[in-house]
Amino acid sequence: MLPENSTTDKPLNCFQRPRRLRQTATLRRMVRETILSVDDLIYPMFVTEGEEQKVEIASMPGCYRYSLDLLLKEIAEVSRLGINAIALFPVIPENKKDDTGKESYNLEGLVQQTVKAIKQAIPEIVVITDVALDPFTTHGHDGLVDENGTILNDPTVEVLVKMALSQAAAGADFVAPSDMMDGRVGAIRQALDAEGYINVGILAYSAKYASAYYGPFRDALDSTPKFGDKKTYQMDPANAREALKEIELDIAEGADMVMVKPALAYLDIICQVKETTNLPVAAYNVSGEYAMIKAAAQMGWIDEKQVILETLTSMKRAGADLILTYFAKEVALMLL
Ligand code: PBG
């Protein structure tokens, strides 16, 4: 209804009317700037020991810790849905953890066996393995710790190199250092090349922040640090220029792709990183971001499907070429 005294018989003197391009779904599709595709998605998945295990993670409804047999079935399914890549995270039993994290480079360890089995059963899926000690250490830190609780950078890098080599030997396509030690990308690249793994790539968690959004992931892995926090190695959420410095270093050291993590509270960082590099930029839509959407949806407070698509589209619009997301399977189904 028009209000009384409306004068719409005299149009506004308005030559630019942006709404013209929004009139129909067809026009909106024609001028759409950002298209989310299943090709953009990397699916993080959790593997646990044993058989016929599929245990839901309480703070990540819809995400499971799978034993290898069921993980292979799930990967076959997500691969059929068009997902190109998975990022693998192991749940290590307490009796295999120690303060040096040596299980991380066991050639017959959970990650190594899992990668071998995946590459045998579903060779087309790109397998990205995590390089960091936190799933393997009793203290839950990503690096080695001295008696004062100080994280030891260079000795940690030595272990990370062994870990990356063992993953490459198992058949990983990309190793993804998520530990934030200085110099680890260069050390891993040199070691991979020296051992003949010239085609194994590095997806560097370059700008990884000390974020409270990792809580549900640490529940999933039972890897919450037993003391202290990760602020001496992960970045201060207040810093942007420092992210560009980290990105620059990782590129100089040999990274093939760089990552910003978390994603949603760091869209400005994704945007700035994209402007500084021609390498593919990945964004990690982390566990806490996933949990917030799931929780609000379970309460009936938001339209889950629309919020997921809007959130992931915002990451792409900011400049992400690839998105690691626990929503990958759901989104693949939506985009079918
Ligand atoms: C640890 C690691 C973490 C995540 C990926 N690798 C947690 C941490 O740094 O404590 C978090 C992922 C998520 O929250 O989804 N190397």
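Numerical summary
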read-out	value
Percent of beta bridges antiparallel (DSSP, the chain, rounded to nearest 5)	15 percent
Carbon plus sulfur fraction of accessible area for the chain, probe 1.4 Å, in percent	52 percent
Inter-part distance where the stretch 202-217 and the stretch 23-89 are each reduced to a Cα centre, Å	19 Å
Residues of the stretch 307-335 with amide N under 12 Å of the 7 Å Cα→Cβ point at Ala296	307-312
Accessible-area order (highest first, 1.4 angstrom probe) of the listed residues Phe15, Phe217, Phe46	Phe15, Phe217, Phe46
Pairwise label distance in nanometres, Val31 with Thr224, each label 7 Å out on the Cα-Cβ vector	4.9 nm
The chain: calculated mean residue ellipticity at 222 nm from DSSP helix runs of at least 4, using -39500 (n - 2.57)	-11500 deg cm²/dmol
Å² of accessible area per residue within the chain, as computed with a 1.4 Å probe and no ligands counted	49 Å²
Gln120/Ala194 FRET efficiency (R0 25 Å; Cβ-Cβ; nearest 0.05)	0.45
Hits among aspartates and glutamates - C-alpha to C-alpha of Lys316 under 18 Å, sequence gap 8 or more where chains match	Glu33, Asp39, Asp40, Asp268, Glu275, Glu289, Glu330
Set of aspartates and glutamates near Lys116 by C-alpha distance (under 17 Å), chain-local residues within fewer than 8 positions excluded	Glu49, Glu51, Asp69, Glu74, Glu103, Glu108, Glu124, Asp130, Asp173
Partners for Lys119 among lysines (Cα-Cα distance below 18 Å; same-chain residues under 8 apart left out)	Lys73
Heavy-atom accessible area ranking, 1.4 Å probe, most first, across Thr232, Thr100, Thr48	Thr232, Thr100, Thr48
Segments 236-246, 177-187 sorted - mean Cβ within 10 Å per residue, highest first	177-187, 236-246
Thr232 versus Thr276: modelled label distance in nm, points set 7 Å from Cα along the beta carbon direction	2.5 nm
Estimated distance in nm for a label pair at Glu330 and Arg241, the labels positioned 7 Å out from Cα along Cα-to-Cβ	3.9 nm
Distance from the stretch 178-195 to the stretch 264-289 (C-alpha centre basis), Å	22 Å
Efficiency of FRET from Cβ geometry, Arg17 and Glu147, R₀ 56 Å, rounded to 0.05	0.20
Heavy-atom accessible area ranking, 1.4 Å probe, most first, across Glu304, Glu248, Glu147	Glu147, Glu248, Glu304
Dipole magnitude of the stretch 253-335 about its Cα centre (Cβ charges: Lys, Arg +1; Asp, Glu -1), debye to nearest 20	160 debye
Packing-based order for 67-76, 257-266, 207-216, 52-61, using average beta carbon neighbours within 10 Å, highest first	257-266, 207-216, 67-76, 52-61
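The values are calculated or read from the model by the stated rules, or taken from the named source; none is laboratory data. Computed from a predicted structure; not experimentally measured. Positions of Cβ are backbone-derived with ideal geometry, glycine not excepted, and every protein chain shown enters the neighbour counts. To get the accessible areas, we keep the full protein, side chains included, count just its heavy atoms, and leave off ligands, DNA and RNA. Shrake-Rupley method; radii C 1.70, N 1.55, O 1.52, S 1.80 Å.
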